[in-house]
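Inspection log for the structure reproduced underneath, given as structure tokens.
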Amino acid sequence: MKPTERSIHERLSVNRYQTDETTNHIEVNQDYARATGLGKVLVAICPAHVYTENPDGSISVEYAACLECGTCTHVGGPELLTWHPPAGGAGVSYRHG
Ligand code: SF4
């Protein structure tokens, strides 16, 4: 079976993740997210479902699931997010095959 014939879930499941337990590499400016409505955009666009909206309108971040695709960094710029790559050796390692 060619890699492209497998589902996205199957293809993502071969990647390896090394979680940085000490540092969250993503921080949301909650006030800005609420005021602009961009928190809902983060929830909608992240392919790894890192962001969830809480009943009070705040945005939770499950940073360990981040695929480091960079999509969210284009939603609202530095006013919305502080995002930096995980510390050396941490984060996602892509596997093909
Ligand atoms: S970099 Fe990609 S996977 Fe990570 S939080 Fe942003 S949109 Fe989600």
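The values are calculated or read from the model by the stated rules, or taken from the named source; none is laboratory data. Bear in mind that the values here come from a model prediction, so they are computed numbers and not experimental data. Backbone-built Cβ (ideal geometry, glycine too); neighbour counts: all protein chains shown.
Scan the stretch 6-14 and give yes if some residue there is over 11 Å from the mean Cα position of the chain (by Cα), under 18 Å from residue 92 (Cα atoms) and surrounded by 15 or more Cβ atoms within 10 Å (Cβ to Cβ), otherwise no.
Scanning the stretch 6-14, I find at least one residue that is over 11 Å from the mean Cα position of the chain (by Cα), under 18 Å from residue 92 (Cα atoms) and surrounded by 15 or more Cβ atoms within 10 Å (Cβ to Cβ), so the answer is yes.
Matching residues to (1) under 21 Å from residue 86 (Cβ atoms); (2) in contact (Cβ under 8 Å) with a residue 60 or more places away in the chain:
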position	(1), (2)
15	yes, yes
27	yes, no
38	no, no
42	yes, no
57	no, no
63	yes, no
_First in the stretch 66-86 and under 16 Å from residue 44 (Cβ atoms), second anywhere and of a type in the set (Ser, Thr, Tyr) and within 11 Å of the ligand (Cβ to nearest atom), Cβ under 8 Å, 6 or more apart_ = 72/51; 81/73
*Do we have residue 87 as closer than 19 Å to residue 9 by Cβ and either small (Gly, Ala, Ser) or touching a strand residue (DSSP E or B) at 6+ places or on another chain (Cβ under 8 Å) (or both) here?*
no
*Filter the stretch 81-97 for residues that are within 11 Å of the ligand (Cβ to nearest atom), surrounded by 16 or more Cβ atoms within 10 Å (Cβ to Cβ) and on the phi < 0 side of the Ramachandran plot and give the result.*
81, 83, 86, 92
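Just one of 25, 49 is closer than 18 Å to residue 92 by Cα, of a type outside the set (Val, Ile, Thr) and touching a Gly at 6+ places or on another chain (Cβ under 8 Å); which is it?
Going through 25, 49 in turn, the sole match is 25.
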_Conditions (1) away from the ligand (no atom under 13 Å from the Cβ); (2) surrounded by 14 or more Cβ atoms within 10 Å (Cβ to Cβ); (3) not polar (S, T, N, Q); number of the one not met by residue 37_ = (2)
*For the stretch 17-30, does any single residue satisfy the condition of being loosely packed, with under 12 Cβ neighbours inside 10 Å and either basic (Lys, Arg) or at pLDDT 95 or above (or both)?*
no
